[in-house]
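Engineer: Quick one: the structure is below, and I'll ask about it shortly.
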Amino acid sequence: MSFVYTLVSFVVSSFLTTKDTKYISKRSTKENLDHTLTFAKTMNAGRKINTLIIVLTCLAFIMDSCSRSLYVTKKELRNHIEYLSSDALAGRLTGTTGDSLTAQYIRKNLVKDGFVPITGNGLQAYKVTKAIKPGKNNFLSINSKTYTEGKDFVPLPFSSNDSLSAEVVFAGYGFNVKNDSISWNDYSGSDVKGKWVLLLMSEPDGDKPGSALLPYAADRDKTMTAKDLGAAGILFVSGKTADPEDRFEATGKEGYSAGLPAFRIKRNLADAILSASGKSIDELEKQLNSSRQPVTFSTGSIVKGNAELEKETADSRNVVMLLPGADPALKNQYLIIGAHFDHLGMGGPGSGSRAVDTVGIHHGADDNASGVAMMLELAERFSREKGSHRRSIVCVGFSGEEEGLLGSKEFVDNPGIDLSKVNAMINLDMVGRLNSDRTLQISGVGTAAGLKQLVQSKTDTSVIRLALSDEGYGPSDHSSFYGKNIPVLFYFTGAHADYHTPMDVADSINYDGMLRISDMVYSVAGSLANADSSLSFREAGPKLPAGGGRMKGITLGIMPDFAGVIKNGLRADFVTPGRPAALGGMKKGDIITAIDGKTVNNIQDYMFRMSQVKKGQQISVDVLRNGKKIGLLIQL
């Protein structure tokens with residue numbers, strides 16, 4: 001076929017000027033044949049193309065159709081996206097058959113292009129938690145009367161697997177809050193040490209937005225407050241005003257134990273506990289809501305209980321494949337191109353779907369079949385274009401992104417390559433909806449010197465408008481690499497109304513826009529794969545999520561280990577220079593075990609502890625560093 005292309009090029013060049021020939025490319029058979037014939041018709045009237053040229057050109061394109069194209073094409077992009085977002089994969093939920101089929105599809109295409117596994121068969125397997133479910137040994141009795149799990153009570157997803165027999169103290173809504181806007185202490189004058197605490201769920205305003213108590217109304221936060229005061233077990237009940245139907249919520253998949261047995265009970269059980277006081281839970285709810293004054297007392301009832309939760313896990317995997325570099329001196333250095341392939345499955349409560357009342361296939365064409373398709377097409381182009389990569393190219397398809405960057409965290413913790421030899425990581429996530437103003441968002445351009453200039457030099461601004469951000473942290477898999485001091489680039493065409501809904505389908509993709517972006521990414525990636533010297537990483541922006549959840553803006557200036565790799569503590573995956581943690585002596589890799597003497601076992605504990613502190617306050621933080629306990633004083 002190379003002979004035919006050479007012949008065509010020679011003959012056509014005899015008739016075309018240099019300016020004209022730049023319009024003829026070798027993209028795909030149909031796209032370029034249409035383009036060439038249209039071009040021929042619009043040439044200057046004095047210059048003719050004879051039948052032989054047309055025949056030779058058609059012959060070249062016909063032969064080209066028998067093989068995969070050298071260049072990224074709209075047809076191939078569409079083929080990938082239509083399959084990845086098809087009903088057959090059912091939304092590619094992590095840990096499902098669709099997840100597995102997608103991984104096999106990615107691996108198969110990379111193998112065709114000469115990529116080889118870094119280890120094993122190229123599939124990096126790991127377990128994911130799909131649900132936290134009640135075990136077989138849950139038990140609850142009130143004053144010797146036994147009740148039925150599932151009907152009368154359920155263990156909460158943050159319960160520990162533990163038992164307790166003790167008296168019950170009613171402590172209203174379970175608040176212990178004092179700040180400029182509100183003072184409410186449900187534990188004043190009461191002793192809950194070693195006892196069960198019975199609490200109302202929600203808060204007096206019914207979780208109304210803007211309520212001063214809403215930030216303190218989460219069940220787990222109330223549990224931590226009671227635990228800090230010595231409580232040994234928690235019983236939650238919903239009042240009639242908050243929940244007329246007295247329903248049990250889905251158990252969920254939180255998986256972070258609060259360190260004591262915790263149950264959700266029906267109102268009839270709460271009334272049985274309160275029977276000696278002559279009060280009912282409905283009466284107490286009305287009293288608290290109207291008076292807005294704490295009501296706390298010992299019930300005199302004895303509750304015996306045993307909580308048992310079991311994790312339901314599933315198998316998932318990343319796809320990790322390598323295309324060896326051509327330069328013996330640089331082939332052991334790497335450029336990583338990645339894209340997550342998981343999505344939301346059928347949606348539904350707790351899935352992250354924006355269509356909260358809809359259960360149906362969330363196709364995820366833009367999020368993120370588009371990124372996977374572009375990665376595969378770039379992989380093909382690198383494999384077929386000689387001299388395109390002196391460094392080795394690593395393509396990684398990540399699973400578990402929608403569930404907390406699980407796949408990328410797994411990869412950077414167990415990479416199979418020396419991460420210090422990675423020149424950069426390019427993350428492609430939602431690159432299929434280039435809109436009418438042609439704006440492409442690229443984050444991470446500040447994570448290495450010269451990276452912004454490189455991106456700008458490879459952009460035709462008459463075709464693409466750039467919205468650049470220096471910051472290396474963001475809501476996608478590149479954050480895991482930024483956390484390992486690797487320069488990153490995150491390509492993103494922006495959010496849209498179909499995001500995380502069943503309407504994110506293949507027909508809504510801007511394939512012309514994807515072609516333009518693919519050319520840009522290939523040019524940037526090629527430069528990173530071939531440069532004589534490696535990039536030098538630098539911090540660019542905070543290494544923690546914007547907003548901070550319930551931390552309400554008070555942070556240490558770290559990026560916590562969201563994946564929960566460490567048990568009985570929280571690892572600081574990043575410590576941002578100039579922020580409180582760094583100024584107080586914390587280092588990357590330190591494991592936080594306590595804040596102000598109160599335990600931190602996981603990310604949820606950390607968020608709760610940080611929600612209790614104030615700007616300007618000095619706190620003590622206990623950390624483990626290389627197995628040694630160290631106490632730090634940190635000024636917020």
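The values are calculated or read from the model by the stated rules, or taken from the named source; none is laboratory data. These figures come from a predicted structure and were not determined experimentally. Note that each Cβ is placed from the backbone with ideal geometry, even for glycine, and that neighbours are counted across all protein chains shown. Side chains included, ligands, DNA and RNA excluded: accessible areas come from the protein's heavy atoms. Shrake-Rupley method; radii C 1.70, N 1.55, O 1.52, S 1.80 Å.
Engineer: Can you give the FRET efficiency for Asp357 and Asn161, using 1/(1 + (r/R0)^6), R0 = 35 Å, r = Cβ-Cβ distance, to the nearest 0.05?
Structural biologist: With R0 = 35 Å, the Cβ-Cβ based efficiency is 0.50.
Engineer: From the phi of every residue in segment 390-402, what ³J(HN,Hα) in whole Hz does the Karplus formula 6.51 cos²θ - 1.76 cosθ + 1.60 yield, where θ is phi - 60° and glycine or proline is x?
Structural biologist: My calculation for segment 390-402 gives 6, 7, 6, 9, 10, 9, 10, x, 9, 9, x, 5, 5 Hz in order.
Engineer: Could you give me D for segment 374-436, from Stokes-Einstein at 20 °C and 1.002 mPa s, where the hydrodynamic radius is the Kirkwood radius over C-alpha pairs? Units µm² s⁻¹, please.
Structural biologist: My calculation gives 154 µm²/s for D.
Engineer: Something else about it: Once the Cβ-Cβ distance between Met346 and Glu310 is put in as r, and R0 is 22 Å, what FRET efficiency do you end up with, to the nearest 0.05?
Structural biologist: 0.40
Engineer: Keeping all protein chains in place, calculate the accessible area per residue for the chain (probe 1.4 angstrom), answer in Å².
Structural biologist: That works out to 42 Å² for each residue.
Engineer: Now for a different question. Once you charge only the Cβ atoms, +1 for Lys and Arg and -1 for Asp and Glu, what is the size of the charge dipole of segment 408-567 about its Cα centre, to the nearest 20 debye?
Structural biologist: That gives a dipole near 460 debye.
Engineer: Still on this structure, I have one more. What residue among Ile486, Tyr499, Met430 has its Cα farthest toward the positive end of the dipole of segment 395-516, where the charges are +1 on Lys, Arg and -1 on Asp, Glu, each on the Cβ?
Structural biologist: Ile486
Engineer: While we're here: Going by average Cβ density within 10 Å per residue, which order do the peptides 519-528, 289-298 take, highest to lowest?
Structural biologist: My ranking of the peptides, most packed first, is 519-528, 289-298.
Engineer: Report the Rg/Rh value for the chain, based on alpha-carbon coordinates and the Kirkwood definition of Rh.
Structural biologist: With Rh from the inverse mean 1/r over Cα pairs, Rg/Rh is 1.07.
Engineer: Net charge around Gly387, counting only other residues with Cβ within less than 13 Å of its Cβ (Lys, Arg = +1; Asp, Glu = -1)?
Structural biologist: Net of charged neighbours comes to +3.
Engineer: Given a Förster distance of 35 Å, report the FRET efficiency between Ile302 and Gln618 from their Cβ-Cβ distance, rounded to the nearest 0.05.
Structural biologist: It comes to 0.25.
Engineer: For segment 327-353 and segment 463-519, write down the distance between their C-alpha centroids in whole Å.
Structural biologist: Computed from Cα coordinates, the inter-centre distance equals 12 Å.
Engineer: Same structure, new question: Among Phe398, Tyr147, Ala217, which residue has its Cα positioned farthest towards the positive end of the charge dipole of the chain, with +1 placed on the Cβ of Lys and Arg, -1 on the Cβ of Asp and Glu, and the dipole taken about the Cα centre?
Structural biologist: Phe398
Engineer: Rounded, prolate or oblate: pick one for segment 455-511, where a ≥ b ≥ c are the square roots of the eigenvalues of its C-alpha gyration tensor, a/c under 1.5 means rounded, and failing that, prolate if a/b is larger than b/c, else oblate.
Structural biologist: Since a/c reaches 1.5 but b/c is at least a/b, the shape of segment 455-511 is classed as oblate.
Engineer: Still on this structure, please answer the following. At 222 nm, what value in deg cm²/dmol follows for the chain if DSSP H runs of at least 4 each add -39500 (n - 2.57) and the sum is divided by all its residues, to the nearest 500?
Structural biologist: -8000 deg cm²/dmol
Engineer: Please say if segment 300-407 is rounded, prolate or oblate, where rounded means a/c under 1.5 for a ≥ b ≥ c the square roots of the C-alpha gyration tensor eigenvalues, and otherwise the choice is prolate for a/b larger than b/c and oblate otherwise?
Structural biologist: oblate
Engineer: What distance in nm separates the two pseudo spin-label positions at Thr119 and Arg384, each 7 Å out from Cα along the beta-carbon direction?
Structural biologist: 3.3
Engineer: I would also like to ask the following. Given a cut-off of under 8 Å on Cα pairs at least six residues apart, what relative contact order in percent is computed for the chain?
Structural biologist: Relative contact order for the chain comes out at 14 percent.
Engineer: In whole Å, how far is the Cα centre of segment 558-636 from that of segment 82-100?
Structural biologist: If we compute the Cα centre of each part, the gap is 38 Å.
Engineer: Report, to the nearest whole %, how much of the accessible area of the chain belongs to carbon and sulfur atoms, 1.4 Å probe, protein only.
Structural biologist: Its accessible area is 52 percent carbon and sulfur atoms.
Engineer: Rounded, prolate or oblate: pick one for segment 423-492, where a ≥ b ≥ c are the square roots of the eigenvalues of its C-alpha gyration tensor, a/c under 1.5 means rounded, and failing that, prolate if a/b is larger than b/c, else oblate.
Structural biologist: Oblate.
Engineer: Mind giving me the nanometre distance, one decimal, between the label points for Ser277 and Asp418, set 7 Å out from Cα along Cα→Cβ?
Structural biologist: Each label point is offset 7 Å from its Cα along the Cβ direction, giving 6.6 nm.
Engineer: Towards the positive end of the charge dipole of the chain, with charges on Cβ (+1 Lys, Arg; -1 Asp, Glu), say which of Ala594, Phe574, Asn530 has the farthest Cα.
Structural biologist: Among Ala594, Phe574, Asn530, the one farthest towards the positive end of the dipole of the chain is Asn530.
Engineer: Under a cut-off of 18 Å between alpha-carbon atoms, report the aspartates and glutamates in cross-link reach of Lys598, not counting same-chain residues fewer than 8 places apart.
Structural biologist: Asp221, Asp228, Asp590, Asp622
Engineer: Can you list the HN-Hα couplings for segment 194-202, worked out from phi with the Karplus curve (6.51, -1.76, 1.60; θ = phi - 60°), rounded to whole Hz and with x for Gly and Pro?
Structural biologist: Values per residue, Gly and Pro as x: x, 10, 6, 10, 9, 10, 7, 6, 6 Hz.
Engineer: Let me spell out the model: positive unit charges on the Cβ of Lys and Arg, negative unit charges on the Cβ of Asp and Glu, origin at the Cα centre of segment 157-267. What dipole size does that give, in debye rounded to 20?
Structural biologist: Its charge dipole is roughly 200 debye.
Engineer: Between their Cα atoms, which of Lys421/Lys484; Lys112/Lys331; Lys127/Lys628 are more than 22 Å away from each other?
Structural biologist: Long pairs (Cα-Cα over 22 Å): Lys127/Lys628.
Engineer: In nm, to one decimal, how far is the Lys567 label point from the Asp180 one, both placed 7 Å along Cα→Cβ?
Structural biologist: If labels sit at Lys567 and Asp180, their model points lie 4.3 nm apart.
Engineer: What's the tally of Lys pairs in segment 152-226 whose alpha-carbon atoms lie under 21 angstrom apart, where the two lysines are 8 or more places apart or on different chains?
Structural biologist: Qualifying lysine pairs in segment 152-226: 5.
Engineer: Also, quick follow-up: Under 14 Å from the Cα of Lys136, which aspartates and glutamates turn up, not counting those fewer than eight places away in the same chain?
Structural biologist: Leaving aside aspartates and glutamates fewer than 8 places away in the same chain, those within reach of Lys136 are Glu149, Asp162, Glu308, Glu310, Glu312.
Engineer: Here's something else I'd like to know. Give, as a single signed number, the net charge of other residues whose beta carbon lies under 10 Å from the beta carbon of Pro475, with Lys and Arg counted +1 and Asp and Glu -1.
Structural biologist: Here the count lands on -3.
Engineer: Given the chain, what percent of its DSSP beta bridges are antiparallel, to the nearest 5?
Structural biologist: Counting only bridges with both partners in the chain, antiparallel ones make up about 65 percent.
Engineer: Normalising by the residue count of segment 306-368, find the relative contact order in percent from Cα pairs under 8 Å and 6+ residues apart.
Structural biologist: 23
Engineer: Oh, and also: To the nearest 20 debye, what charge dipole does segment 97-150 have about its Cα centre, counting +1 at the Cβ of each Lys and Arg and -1 at the Cβ of each Asp and Glu?
Structural biologist: 100
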